[in-house]
Structures are given as structure tokens and as C-alpha cells.
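The values are calculated or read from the model by the stated rules, or taken from the named source; none is laboratory data. Note that the coordinates shown come from a computational prediction; the quantities given were computed from them, not determined experimentally. When we count neighbours, we look across all protein chains shown, and the Cβ atoms used for this are built from the backbone with ideal geometry, even at glycine. Protein only, heavy atoms only, side chains kept; ligands, DNA and RNA dropped before computing areas. Shrake-Rupley method; radii C 1.70, N 1.55, O 1.52, S 1.80 Å.
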Amino acid sequence: MRRVLAPLLAICLLASAAACGSGDAKDEKVKLTIGLFGDFGFKPLYEEYKATHPNIQIEERVSEFAAHHQNLTAHLATNTGAADIEAIEVGYISQFTAQPQKFHNLLDRGAGNLEGRFLPWKWQQGLSGDGKSLVGLGTDVGGMAMCYRNDLFAAAGLPTDRDAVSRLWPTWADYVKVGKEYKAKKPESAFFESSGNMFRAMVEQGSQGVYDKQNNLVVDSNPGVRAAWDTAVDAIDAGMSAKLTAWTPEWTAAFEKGSFATIVCPAWMTSYIQTNAKNASGKWDVAAVPGGAGSMGGTHLTLPKQGKHAKEAYELISWLTAPAQQAKVFKATGNFPSTPELYSSPEITGFKKDFFNNAPIGQIFSDSAKAVKPQYMGPRTGDVFTTIGSGLGRIENGQQKADDAWKQVLSDVAKLK
């Protein structure tokens, strides 16, 4: 009998514990990769998750915003290289929900039970066109505000109290008017960092953006797009722009230098300001955005079918996007929850930040998120905004006149179809 049992025992030790009927398959080590653009504030959460899931290892792959989405497009086309979990920003989500066959359908994994967690329009953004496949679970939303330097406003003789500042610019035309007053007093300083950012905010506040619901580009036919362009050009002509491109080293350094007075400020932007302007605590504040509410940015977490560990990856993203974790991320980084049950929670509404002159940012962004009227995002919305931003940049840098830049934008956008 010992001669029979000994080799069986050896086989059992070499095989998995589950295969031998002793132990548990969840003890097997599983490495999950997660592809992100920038810091999502997840790292402390990974440690918390691993405390109750000791078999899980998590590796972030972080790349620049545009490159991340370009790389994911290539990975899906070649069927190789994607992470177990991939983040997709709202400007690109329709491009990928149009390819549901490339992703695990989260509805098949029980995600339908989670729908009540999310803003209805945030949930809808993650669905395929026919509504049969859920490609991603929402992380944050980009409810807009306007961040401003109260010290620079004071130097220009403008109000500094956030409520008084909010009253200065009920419309974008008023915002440009205030910018002209600012430049008259402080001609050496820019009023904002980039006309492209301002343009995107104006367009995303409209009932229609750069696509209609049939995925037709409407850059040329939507009067709101041209009105936003003209307003941005007016601001450029008045010398208000710092002519910076987001995420570049020059853009990052400008926060610390105090090179500009205002920036369109979705909730996630507060983290970038605080990180890049470490010596400006108390000098930044938060006011209402011109033109009313709007949403800029926000992300979904998806599971490409290339991933090796779909079950464990789904368990992780369902945990990361739960209200408790979204609240922790907001307080740590500023990424605002897509879970509306938190918008009336004292944990969120009572949250303030000393860095922003003790502004009640929890209440400000809760009010903004609740007021958002969702806008349809076409398949290449992100690329369209990048193309238009480049056109405005050519005007800023004196490379083109406004009319010529607009003509080139329309030509370049048409090639994105």
C-alpha cells in the first residue's frame, strides 16, 4: 500500500492543490495587468484589495493619454498586447463599444446587478450600440468648475471671493470680457493655459457635440461648435492664452510658475494643479464654470478578451468602481465619483481642501455632476477635439489665420471618418 500511495502523493504535491482535492484554487497566484493613462489613485486600493485577495498581484502599465488609446487600438487590431484591464476615456469609449466582440461582456459576469450604482448616462456610455454588451464599468465623471488664482485676480483688481468670481462670468462671452479686463491690468500674464481646453468645455456643455446620434460628424453643421471656435479665437486675439499643450513639461511647469490665472477644471484637474503647484497652496480657488454645468472627461474600465484572467479582473474592477472605493479616490486625487448615491453623502458634500483655499469641492462638484445633461459621444470624439485643438494652437502660435485654420480643421476632421 505504501508503494502505491507514495507516487500518488508525489504527483499531488507537484500538481495544483485543487486538482488533488485539498486546498483551494484561489490560492494560486494570479498577476493582473491594468493599462492606464496617468495616476488614477488606485495604488493604495491595490494594497487594500490584496489584503483580502493574497493570491492577486497587480501591475500598472501607465502611458501618455493619446498613446494609451492609440496603443489599445493597435492591440485590439493585432489581437496581442492588451492588458487584463484597460482604461478608456469617455472621448474614446464609443470607438471601443463599437467593437464589443473584442471585450468580455460584463453583463455575462453579473454586472447587470451593478447598474443602480452608476449615473444612468455613465452606464449607457459603456454599452454597445445594441445595448446587449457592457464593455466597461465607470470610474469617474468630469463635472466642470473653473479653478483660478486668487492672488493674480487680486493683483488685477478683480474679486477673489469664489461666489463673487462665479458671478463675473455666467456666460463664456462674460468670461472673455473678464479676461480682457485681466490682461489690461496684467499684460505679462496669461488668463488661461490653452484655448483648446476652453473650446472643448464650451462644446461639451451643448446638447449636441461633434457627432450626431447616427455617428455623423457635425463639426461643420453644428452652430454650437462654430460659436465655441469663434469665442476661443476672440480670446486668442486678445492675448489671453498661455499657448500651452496639456500634459507637456511646459504645461506642468506653468502651474508652479503661476503663468496663468484660470483653467477649466473638471474634478480630476484639481489633482494635477495640486501636484504641479506645490508651493501655491491657498492661492488656488474654485468657482462655477461659465455656461452652466457640463462634464469633461471620465473613464471606464474594460476587459479585453486577450486578457488571461477575466474572472479575477472582473472582480477587481467591480470592487474598484464600488461607491466606497470611488469616495476614497476622490478624496485622495479629486477624481469625482460616477456613483450618485455619494452626491448627498456628508463624506463627499462636506469635503474641503486646504490647498484650494478651503473650497468646498465636494459640494461644488456634486452640484455640477447632478446638473449635467449627457451628450452623445461619437466613435472618434477624442481625436476630433485633438484635431480642433491643434487648429487653435496654430492660430495661437501665429502659424495660420483663423479662417485658414478652420478650413484645415474641417479637412483634417473629415479624414477621421
Item to check | Length released on extending from Asp108 to Glu347, taking residue separation times 0.36 nm less the Cα-Cα span | outcome: 82.7 nm
Checklist entry - Reachable aspartates and glutamates from Lys31, Cα under 18 Å, same-chain residues fewer than 8 places away excluded? => result Glu47, Glu48, Glu59, Glu60, Asp84, Glu86, Glu312, Glu315
Checklist entry - Could you list log10 I(q)/I(0) for region 271-327 at q = 0.18, 0.23, 0.26 Å⁻¹, which the Debye formula gives when each Cα is one point scatterer? => result -0.88, -1.00, -1.07
Checklist entry - What does the accessible area of Glu181 come to, in Å² to the nearest 10, when a probe of 1.4 Å is used? => result 80
Next on the checklist: For q values of 0.14, 0.17 Å⁻¹, compute log₁₀ I(q)/I(0) with the Debye formula on a Cα-only model of region 68-133, without solvent.
Outcome noted: -0.43, -0.63
Checklist entry - Using mean Cβ contacts within 10 Å as the protection proxy, how do 213-225, 29-41 order, highest first? => result 29-41, 213-225
Checklist entry - Which of Asn79, Gly116, Ile56 sits closest to the plus end of the dipole of region 49-126, meaning its Cα is farthest towards the positive end, when Lys and Arg get +1 and Asp and Glu get -1 on the C-beta? => result Gly116
Checklist entry - If eta is 1.567 mPa s and T is 4 °C, what Stokes-Einstein diffusion coefficient results for region 296-338, Kirkwood Rh from Cα pairs, in µm²/s? => result 112
Next on the checklist: Just to confirm a number: summing +1 for Lys and Arg and -1 for Asp and Glu over residues other than Trp406 whose beta-carbon lies under 10 angstrom from that of Trp406, what do you get?
Outcome noted: -1
Checklist outcome for this item: the chain -> Rg/Rh from Cα coords, Kirkwood Rh, value 1.04
Checklist outcome for this item: Rounded to the nearest 10 Å², the 1.4 Å probe accessible area of Ile56 is 10
Checklist entry - How big, in percent, is the set of alpha carbon pairs in region 90-194 lying more than 17 Å apart? => result 64
Checklist entry - With +1 on each Lys and Arg Cβ and -1 on each Asp and Glu Cβ, how big is the dipole of the chain about its Cα centre, in debye rounded to the nearest 20? => result 520
Next on the checklist: As a test of the formula, what do you get for the chain when each DSSP H run with n ≥ 4 contributes -39,500 (n - 2.57) and the sum is divided by the residue count, at 222 nm and rounded to the nearest 500 deg cm²/dmol?
Outcome noted: -13000 deg cm²/dmol
Checklist entry - What Rg and what Dmax come out for region 27-121 when only alpha-carbon atoms are used, in angstroms? => result 14.7, 39
Next on the checklist: Based on the alpha carbons, how large is the Rg to Rh ratio for region 157-304 when Rh follows Kirkwood?
Outcome noted: 0.98
Checklist entry - Just how many % of Cα pairs in region 224-278 lie over 18 Å apart, if you round to the nearest whole percent? => result 41
Checklist outcome for this item: If the chain between Asp403 and Lys417 were fully extended at 0.36 nm per residue, the gain over the current Cα-Cα distance would be 2.8 nm
Next on the checklist: Ratio of alpha-carbon Rg to the 2.2 N^0.38 Å globular estimate for region 308-417, to two decimals, please.
Outcome noted: 1.54
Item to check | Length gained when the stretch Asp163-Ser221 is fully extended (0.36 nm per residue, less Cα-Cα span) | outcome: 17.3 nm
Item to check | Debye, to nearest 20: dipole size of region 203-285, +1 on Lys, Arg Cβ, -1 on Asp, Glu Cβ | outcome: 300
Next on the checklist: Bins of 5 Å, beginning at zero and ending with the bin holding the largest distance: percent of Cα pairs per bin for region 276-362, please.
Outcome noted: 3, 11, 17, 18, 19, 13, 8, 6, 5, 1
Item to check | the chain - percent of accessible surface contributed by carbon and sulfur, probe 1.4 Å | outcome: 52
Checklist entry - Looking at region 166-257, which chymotrypsin sites (Phe, Trp or Tyr not before Pro) are in a loop (DSSP not H, G, I, E or B) and have at most 16 other Cβ atoms within 10 Å? => result Trp247
Checklist outcome for this item: Computed about the Cα centre, the charge dipole of region 89-157 from +1 Lys/Arg and -1 Asp/Glu charges at the Cβ has a magnitude in debye, to the nearest 20, of 100
Checklist entry - Across 10 Å bins from the origin, how do the percents of Cα pairs in region 243-401 run, short distances first? => result 9, 30, 34, 21, 6, 0
Checklist entry - Which values of log₁₀ I(q)/I(0), to two decimal places, follow from the Debye formula for region 157-206 at q = 0.20, 0.25 Å⁻¹ with a uniform point scatterer at every Cα? => result -0.79, -1.10
Item to check | Beta bridges by DSSP in the chain, antiparallel share as percent, to the nearest 5 | outcome: 65
Item to check | Cβ-derived FRET efficiency at R0 45 Å, Asp354 paired with Glu181, nearest 0.05 | outcome: 0.95
